[in-house]
């Protein structure tokens, strides 16, 4: 049976943790064996690798926020469409539409597939 309320809370905690670069929260949200996949390079990453990337956000961005968030829930997870709006430390702002398909087991994320246009990747090439 689907538990939308718990999944909705997890989805919000996840978004909040990324926006705040709360690495400890992410350690609790991701399952130890979580897999994160990106469409732009067709590669899978571990929980630790993904958290290490998010740990670089304060060095890259002076502001980072998910906007226009839309979520749909399904048995075992959710789909989140959003626009990442951020400001690079250089002062340049950007907006990147994205979509995440997230699989959940219990109260943890076990798989995240993220889709966005690589031409709009906000990271500098040396930070990818």
Residues of segment 1-23 being outside any loop (DSSP other than H, G, I, E, B) and within 20 Å of residue 60 (Cβ to Cβ), in sequence order, are 14, 15, 16, 17, 18, 19, 23
Checked 38, 30 against criteria (in contact with a helix residue (DSSP H, G or I) (Cβ under 7 Å, 6 or more places away or on another chain) and either surrounded by 15 or more Cβ atoms within 10 Å (Cβ to Cβ) or at pLDDT 95 or above (or both)); the one match is 30
Scanning segment 41-58 for residues that are in a helix (DSSP H, G or I) and in contact with a helix residue (DSSP H, G or I) (Cβ under 7 Å, 6 or more places away or on another chain), the one farthest from residue 12 (Cα to Cα) turns out to be 55
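The values are calculated or read from the model by the stated rules, or taken from the named source; none is laboratory data. As the structure is a computational prediction, the values presented were derived from the model and not from experiment. Positions of Cβ are backbone-derived with ideal geometry, glycine not excepted, and every protein chain shown enters the neighbour counts.
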